[in-house]
Amino acid sequence: LNRKGAAPLSQLHELTPLGASDILQLQKEGAVVIDTRPSTQFAAAHVPGSIHIALTGQYASWAARILGLSTQLIIVAEDPEHVRESRLRLARVGMENFAGYLTDGVVGWVQSGYDLESIPQITVQDLAELRIHEPEGVVVLDVRELGERTNGVIEKSLCIPLGKLKGRTAETDREKLLVVHCKGGYRSSIATSILRYAGFRNVANLIGGFDAWK
């Protein structure tokens, strides 16, 4: 690509700042908001329809695997420096179709008068109580890889590895509370955002994942 005149990664052009109304229109046209903030911030408040992939983990790898290389992206980050880091790390794996970034982040969204969404967080103690008192009303979804389950599982949990979840959401029950977990919490946060994006409303993230349960 460089031989054909494409700019190297060190010379990427600045992303376009976008207002809330611009983002809503772009979402209708198929663009995806990717929220790169820590999972606690995403869970507390995020732009509706966002896919959460935190910068703290294998950010670019998961983004490419889940969203593909050609999806038009809108970045939500904590500050301009994190916007630049997000964009650079995605470009390194070939994701270069950017519509822009949310001006002033989530604060800018609120200042524009639009509502935010949140993802409930549930402790392992509360999950244990729910499984005793409302066993038919809750489903535990394990998004770890199959091989990880050799180290232990939550009894009667459904396993759909994160990388396959987007194409297998029909296997889950929309009418029951879906409590999602991985090993420690990074992948389960991504999974809850995928489920919300697919229209699931009754979703919660298990704090600390299987490590906390164990």
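One table, with the values for the structure above:
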| read-out | value |
| --- | --- |
| Exposure ranking of Asp211, Asp104 by accessible area [1.4 Å probe, largest first] | Asp104, Asp211 |
| Spatial extent of segment 29-95: Rg and Dmax, with the Cα atoms as the point set, Å | 10.9, 31 |
| Sites excluded, GluC sites (Glu not before Pro) in DSSP loops with at most 10 other C-beta within 10 Å, longest stretch of the chain | 30-135 |
| Entries of Lys164/Lys214; Lys28/Lys214; Lys28/Lys183; Lys166/Lys214; Lys28/Lys176 with Cα pairs more than 31 Å apart | Lys28/Lys214; Lys28/Lys183 |
| Per residue accessible area of the chain, 1.4 Å probe, in Å² | 51 |
| With Cα atoms, 0 to 90° folded angle of helix 186-197 axis to the chain main axis | 80 |
| Cβ charges +1 (Lys, Arg) and -1 (Asp, Glu), total dipole of the chain, debye | 820 |
| Stretch gain in nm, segment Glu171-Arg201, where the contour uses 0.36 nm per residue and the Cα spacing is subtracted | 9.3 nm |
| For Lys183, solvent-accessible area (1.4 Å; no DNA, RNA or ligand), Å² | 100 |
| Rounded percent of accessible protein surface that carbon and sulfur make up, the chain, 1.4 Å probe | 50 |
| Extension gain, Asp211 back to Glu81 (0.36 nm per residue minus Cα-Cα distance, nm) | 43.6 nm |
| Per-residue ³J(HN,Hα) for segment 22-39, Karplus 6.51 cos²θ - 1.76 cosθ + 1.60, θ = phi - 60°, Hz, x for Gly and Pro | 4, 5, 4, 5, 5, 4, 4, 8, x, 5, 10, 7, 10, 9, 9, 6, x, 4 |
| Nearest 10 degrees, 0 to 90: helix 124-133 Cα axis against the chain principal axis | 50 |
| Solvent-accessible surface (1.4 angstrom probe) belonging to His133, in square angstrom, nearest 10 | 130 |
| With DNA, RNA and ligands ignored, accessible area of Trp213 (1.4 Å probe; Å², nearest 10) | 80 |
| DSSP beta bridges in the chain [antiparallel fraction, %, rounded to 5] | 5 |
| Residue with peak Gaussian network fluctuation, the chain [Cα springs, cutoff 10 Å], from Ser189, Ser70, Ser50 | Ser70 |
| Relative contact order %, segment 30-71, counting alpha carbon pairs below 8 Å whose residues are six or more apart | 40 |
| Label-point separation, Thr71 to Thr40 (7 Å along Cα→Cβ), nm | 2.7 |
| Only Lys, Arg (+1) and Asp, Glu (-1) charged, at Cβ; segment 88-148 dipole about Cα centre in debye | 360 |
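The values are calculated or read from the model by the stated rules, or taken from the named source; none is laboratory data. From a predicted model like this one, the values you see are computed outputs, not experimental measurements. Here Cβ is always computed from backbone atoms with ideal geometry, including for glycine, and neighbour counts include all displayed protein chains. Please note that ligands, DNA and RNA were not included when accessible areas were found on the heavy atoms of the full protein model with its side chains. Shrake-Rupley method; radii C 1.70, N 1.55, O 1.52, S 1.80 Å.
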